[in-house]
Structures are given as C-alpha cells and as structure tokens.
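The values are calculated or read from the model by the stated rules, or taken from the named source; none is laboratory data. Quick caveat, the model's predicted, so the values are computed rather than measured. Quick reminder, even Gly has a Cβ in these numbers, built from the backbone with ideal geometry, and neighbours come from all protein chains shown. The protein model used for the area step is the full one, side chains on, heavy atoms only, and it has no ligands, DNA or RNA in it. Shrake-Rupley method; radii C 1.70, N 1.55, O 1.52, S 1.80 Å.
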Amino acid sequence: MTDRVLKSNSLKSVSGNFTAERKKVAMKSFVEVDADSHFPLENLPFGVFKPSGEELPRPGVAIGDFVLDLSVITSAGLFNGQNLNNSDCFFQPSLNKFLAMGRPAWKEARSTIQKLLSADESTLRDNASLREKAILPMNKVQMLLPTVIGDYTDFFSSLHHAKNCGTIFRGPENPIVPQWFHLPIAYHGRASSIVVSGTDIIRPRGQGHPAPNSPPYFGPSRKLDFELEMAAVVGPGNKLGESVDVNDAADHIFGLVLMNDWSARDIQAWEYVPLGPFLGKSFGTTISPWIVTLDALEPFTCDAPKQEPRPLPYLSEKTSKNYDISLEVRIKPDGEKDSSVVTKSNFNHLYWTLTQQLAHHTINGCNLRPGDLLGTGTISGPEPESYGCLLELSWNGQIPLSLNGTTRKFLEDGDEVTITGFCKGNGFKVGFGTCSGKVVPALV
C-alpha cells in the first residue's frame, strides 16, 4: 500500500443547520482524501466493482481515490455487529441482499466502516497485509452496476420541466395538466437497458413525424437528448397488495445515484399519444456507479417546495424535505479537448419528494423490490441556465447552444455527456462522482 493512503486528512467541523454527526466530530481518515474529493469519510457511498485481472464482482465503498473491498473486511471478521455478523451480503455480486436488510444493517455497516477508516483506529491502519488487500486504487478497478435492477420507474417531478415541456408542445395558455399537481406522474421504464457510467450509447432508430403527404420518417433519431436526473435505489420492498406510508417511505430508500435518461425527442413526440414513452426512451439510461446513502445526505436536507393544492392525505408528509445537491451537465464534442457546461441545476427544485414518489408508487398495492430504481424525471430550475435537457435549453431546436465555438440543438455522434453532483459544506464535498456516456452512430 502506498504512503499516500496513510496520510491523514483532517476535515474541519461544519457550522450551520447540519446534523449531529457533523457537529460532534471532525472526520479524519488515515486514507488520504483530497479536500475537493467527492468521497470523504462523511460520504462512504456503496458500489460494486471488479479488481483488475479478477472476474468476481464484489461490493465496495469509496474513500478518496480508493475502494474499500467489503468482502475482505467481511472475511477478516470485522463486521461483527448483530445485523452483519455471519452475513454473506458482502460476498454477493450485487448490493441487493444488503439493501434488503434495511436501515439497521445500513447504519451498522456505515458506522463500522467509518470507524475502520478513521485516523485513530488501528485495526486496519496498522495491519499492512490486510490494508493491502482491502484498500485498492480506484483507477485499478472496474465499476459495475451496483444492483440487479428488477424494475425501473421514471417520474415527472420537476415543476419547471413540466411547465417548459407543456409550453413547447401545447402552448403557454395551459402548459401543465391539472392532475400534475395532485399526484407524482410516472411511467414504467425498461430496466434491461440501464447501463453504468462510461458505457457508449448507440443512437436509436425509430419513426418520427411525417412530412406533409408522406409516410412517417424512419431512421436514426435527429433529436437525441440527455436528461439530467437522479434516481432513488429501493431498499426493503413491500408485499404485493400492501402500500408504504409516506412517513415511512424513507426507510425503503437506500440512497441516490446520478442518472441520464437519454431521450429521442422526435421518436417520443410521434409515439407518446396515447400510452406515453416507449422507443424514444427505452434504448438507454445511464447511472453513476456509487450509491450515496440517505444517511450521508442527511446534513444537506432542505425544505421541499410548498405544494398547492395540498396533497391528498396519503401524500401529506409530517416533514417534507428535499436535498441541496448541486448538479451540472457538460458536453464534450468529438475531437475536442475541453467540455462545456450547458446547465447547472439543483435537486431541491423537485416539486414531488422522493418519499411521495415511493408512497404513490405503492398506493395501489404495487410491490417494490430491493434494487429497483425510481428516477426523478428531468431536474430543471426556474432560469434558462438551469434547464435540465436540450429540449428546454434549445427550446426544441429553436435556440442553438454555443459550445466553445461550435453549436448544438441536440446531441451529435461523438458527443460525450457528463453529469456531476455534490453537496458542499465548509470546504469539502459529499458527492456522487460522475455519470457519463458517449453517443455513437446508429447501427446500420
């Protein structure tokens, strides 16, 4: 293990309206963590990886530029609490079994890992052999999807996105349908085409609106778009026929990932009436590999927007909260050295909360399962520079965007889209890493 791992990283205490975890202790790890890192000791996001030259996936936790191999920690007998002792959840090729164990196991794992990685704990710090096996450079591993995703639902929870899309397609007189203010609207997406960050996205083919006196267009999408989203990863599910109370819904959400729900706007516009999106959305969805837990995000909670009219009782929360997560999207054209920022938004712009989304999903008795993914929908803010997709940013192709000397209305082949997200407090970040994908030409 390199000397770089053993350097201490002293993190200042945080002032302000943050939780007791930050107020009580200034986190310090024996693993070096850069001040600008997304993965300090306060974060500890979970993922699944394969070490270089090995074939067996296993769960891990990010710390700075390193990955802690949880299978090694388990083999060493260091998960010895009442929930994780003798459990094989970290010998699995996905996080599903761990997610199903619920919040007591999640908290036990988090507190154990924080203690093991802390600067004043010798168990791992002073055991060179164990440290060599357990702490791996992040650039020497391959990140995989963190869960087996059985089902995927995509919501439509941003008021500004709903208003902009409605204005573009229906006009400014009545841009938002009345039911939008009464329930979190969603559709059932395609889980099989969800891919991990870094996977190329093949330009989809399909039908588009016909020209006058012509059959529908068929061919590669001419309006390929990104969508700036995040997604909740479901923990324990619910039985078929039962629902989850909105005030208990947080116990069914393990954490969040970044998400790009790629969209073919021309295909979508032609097909979506009357049943909604199909081929315009099902060709590819990219997520970031690290799941940031709700416990890690707790210091960054904020009030959710006031909802008028008041939601029905099953959606009325005792405490309605969002998260202050800064989000950014960059596009790098093919052959260019530098990328350009095309939007900056924030998770706190969502009108419907994560817990409302999950409670509504189950109110009819639909059973969720560990590892299921619930997308937020495009996260747009009130200003043009905070719009969450090219459909809005270019106003459906009417206003080209400038990218370091070139322009874009929609994505072109070779464009690489990268989403980043983080919470920031007192000089360090709790972040999500990146969610990226490159557009490659349609198959012939």
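Descriptive notes on the structure:
- Relative to one another, the C-alpha centroids of region 58-76 and region 249-312 are positioned 28 Å apart.
- For the residues P370, P299, P384, a GNM of the chain with alpha-carbon springs under 10 Å puts the largest fluctuation on P384.
- Computed 3J(HN,Hα) for region 30-41, one whole-Hz value per residue from the Karplus formula 6.51 cos²θ - 1.76 cosθ + 1.60 where θ = phi - 60°, is 6, 7, 5, 10, 4, 4, 9, 5, 6, 10, x, 5, glycine and proline marked x.
- For the chain, the longest site-free run once GluC sites (Glu not before Pro) in DSSP loop states with at most 16 other Cβ atoms within 10 Å are removed: 243-335
- Candidates per trypsin sites (Lys or Arg not before Pro) in region 282-383, loop by DSSP, up to 16 other Cβ within 10 Å: K306, K318, K337
- Under 5 Å from the amide H of T285 lie the amide H atoms of I194, V195, each residue being 5 or more positions distant or on a separate chain, with H modelled from the backbone and absent for Pro and chain starts.
- In this structure, the amide hydrogen of L183, modeled 1.01 Å from its nitrogen in the peptide plane, lies closer than 5 angstrom to no residue at least 5 positions away or on a different chain.
- If the segment from H209 to Q82 were pulled out straight at 0.36 nm per residue, it would be longer than the present Cα-Cα gap by 39.8 nm.
- Gain in span if fully extended, H182 to Q142, counting 0.36 nm per residue against the direct Cα distance: 10.1 nm
- Near G371, once Lys and Arg are set to +1 and Asp and Glu to -1 for all other residues with Cβ below 11 Å from its Cβ, the sum equals 0.
- Database remark: amide H of Q142 closer than 5 angstrom to the amide H of K50, S52 (H placed geometrically; neighbours at sequence offset of 5 or more, or on other chains; Pro and chain starts carry no H).
- Furthest towards positive pole of dipole, T378, P220, S345, structure part the chain, Cβ charges: S345
- T199/K50 FRET efficiency (R0 22 Å; Cβ-Cβ; nearest 0.05): 0.90
- Overall form of region 132-224 per C-alpha gyration tensor (a/c, 1.5; a/b vs b/c): oblate
- When both region 84-142 and region 321-356 are represented by their alpha-carbon centers, they are found 30 Å apart.
- Region 74-233 shape via C-alpha gyration tensor axes, a/c threshold 1.5: prolate
- Label point distance in nm, T406-C302, each placed 7 Å from Cα along Cα→Cβ: 3.4 nm
- For region 210-225, 3J(HN,Hα) computed residue by residue from phi via the Karplus equation (6.51, -1.76, 1.60; θ = phi - 60°) reads x, 6, x, 6, 9, x, x, 5, 9, x, x, 4, 9, 9, 7, 9 Hz, glycine and proline entered as x.
- Loop sites in region 181-280: trypsin sites (Lys or Arg not before Pro), DSSP, at most 12 other Cβ within 10 Å: K239
- Direction-averaged projected area, Cα convex hull, the chain: 22.9 nm², rounded to one decimal.
- Local electrostatic count at F39 - Lys and Arg +1, Asp and Glu -1, tallied over other residues with Cβ under 14 Å: -2
- Highest-MSF residue in the chain out of I135, I149, I399 [GNM, Cα springs under 10 Å]: I399
- Rounded to whole numbers, the Karplus 3J(HN,Hα) couplings from phi for region 298-312 are 3, x, 10, 5, 8, 5, 6, x, 5, 9, 10, x, 4, x, 4 Hz, using 6.51 cos²θ - 1.76 cosθ + 1.60 with θ = phi - 60°, and x at Gly and Pro.
- Against the rule of thumb 2.2 N^0.38 Å, how large the Cα Rg of region 295-392 comes out: 1.32
- Additional length obtainable on full extension of the chain from Y272 to N174, 0.36 nm per residue less Cα span: 33.4 nm
- Accessible surface of the chain, 1.4 Å probe, proportion on carbon and sulfur as whole %: 51 percent
- Positive-end ranking of V329, A359, T406 along the dipole of region 326-444, with charges on Cβ about the Cα centre, is headed by A359.
- Dipole magnitude (debye, nearest 20) for the chain, charges at Cβ of Lys, Arg, Asp, Glu: 200 debye
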